[in-house]
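The values are calculated or read from the model by the stated rules, or taken from the named source; none is laboratory data. What you see is a predicted model, and the numbers here were worked out from it, not measured in a lab. Here the Cβ positions follow ideal geometry from the backbone for every residue, glycine too, while neighbour counts run over all protein chains shown. All accessible areas refer to the heavy atoms of the entire protein, side chains included, with ligands and DNA or RNA removed. Shrake-Rupley method; radii C 1.70, N 1.55, O 1.52, S 1.80 Å.
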Amino acid sequence: MRIMGRRRALVGVLAGSLILTGCNAGPGQVGTAAIVGGKTVSVDRVQQLIDKAVREHPYGQQLAKEHKLDLVGREIVRQEILHDLTVRAGQREGIGVDESLVVNALQNDPLAKPMEANPQDDPELSVQQLVARVRDHRESLVDAAIQTQLAMKYLDKLSVSFDFSSVSSTDATGSDADQLREQAIEKARRFAASPTAAAELIAQDEQTPGMQAGTGQKLPAMQSPATAATVLFGLEPNTVAAFKPTPQQPLWVIVVVRERTADKPVASDQAAQPSAQQLAKVGVRLLQSYLDQVDLKVNPRYGVWDVVGMDLAPNEASKKGIVLPVHGAAQQNP
């Protein structure tokens, strides 16, 4: 299944923009927000961009009044980290952006308009769009285009085989959300205890009425572009993860990946046409494998890196899940 014309897709990303999509001090020391592969992101730079968001954008002013500028600071650091990973991915994959497209996009700069207060998008996406506007616009647009090209290159080739179980709730109020999270993370740790632990636990869960569990599952990315943007498709074999496929639903999935392939097109009778937003998210997810290639350190002031969300969480307890290697199993490098 053809995703879409590559040039047309890139023009759409560049022109319609982001539907997100020097010192030696360590992050724990004053002056450094993060270190990514030896490159330093300074606290001063982060603060300058926060100030710019408040000065130039009504939405930034709204966040300041609501005492939520910490969201902006974390997103700035996140996008700086993703920028470094995106550059690495582009170099490794031989992906670039036609200069004429960049020039055309900047002439009709989709990021030039100030971001109004009370945006219609969800808060997370709105903050991402705000930060894209306060960063260098060329850099923001090129990052988005490379991430989209990365998704287009691999979406019809990427497939994962996995075993899984779940933890769910019928409480519509969500009052047991913290308990569910703890149960899912505990089950993930049990999955990762040994090479045979997951299979044994899943066999038990399959006998439990109403429990969603199974082995030998295979899912091509093209069959579910939304799922392809989750941590499941970023995991190497013999790795366990616990995460919520849909944040709004009281369901956690615990998976152990058995095989991940991305070298040739995968046939799928149920291929779905990905949206521009899904392509952007899949592109970011494909950067996950580059995290092992960089020494990433983040100043606790801006949170902790959360590989499940490919973002920064305020603290360990706020992470969107957990990723663990299977103890005693051979790990495969990307």
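Count of the stretch 215-226 residues, restricted to those that are of a type outside the set (G, A, S) and surrounded by fewer than 18 Cβ atoms within 10 Å (Cβ to Cβ), is 4. Of Q212, Q149, all but one fail to be surrounded by fewer than 18 Cβ atoms within 10 Å (Cβ to Cβ) and either closer than 30 Å to Q278 by Cβ or of a type in the set (D, E, K, R) (or both); the exception is Q212.
Among the residues making up the stretch 158-176, those that are open to solvent by less than 50 Å² (accessible area, probe 1.4 Å), of a type outside the set (V, I, T) and farther than 18 Å from L201 by Cα are L158, S159, S169, D171, G174, D176. Scanning the stretch 66-99 for residues that are open to solvent by less than 20 Å² (accessible area, probe 1.4 Å) and touching a Lys or Arg at 6+ places or on another chain (Cβ under 7 Å) yields Q79, D84. The set of residues in the stretch 196-214 that are out of contact with any helix residue (DSSP H, G or I) (no Cβ under 6 Å at 6 or more places or on another chain) and under 30 Å from D156 (Cα atoms) comprises A199, I202, Q212, G214. Does the stretch 241-255 contain at least one residue that is open to solvent by 10 Å² or more (accessible area, probe 1.4 Å), of a type in the set (S, T, Y) and modelled with pLDDT of 95 or more? Checked against the condition, which is being open to solvent by 10 Å² or more (accessible area, probe 1.4 Å), of a type in the set (S, T, Y) and modelled with pLDDT of 95 or more, the stretch 241-255 yields no hits at all.
Does A105 qualify as being more than 25 Å from R45 (Cα to Cα), open to solvent by less than 70 Å² (accessible area, probe 1.4 Å) and of a type in the set (A, V, I, L, M)? When the stated conditions are applied, A105 passes them.
Just for strands (runs of 3 or more DSSP E) wholly inside the stretch 237-334: which have at least 1 residues that are out of contact with any Leu (no Cβ under 8 Å at 6 or more places or on another chain) and among the basic types (K, R)? Per the criteria, 251-261, 296-298. Applying the criterion of at least 1 residues that are more than 30 Å from L106 (Cα to Cα) to the helices (runs of 4 or more DSSP H) found wholly in the stretch 124-205 leaves 177-191, 197-205. From the list V131, V167, V160, the lone residue that is closer than 30 Å to L69 by Cβ and of a type in the set (A, V, I, L, M, F, W, C) is V131.
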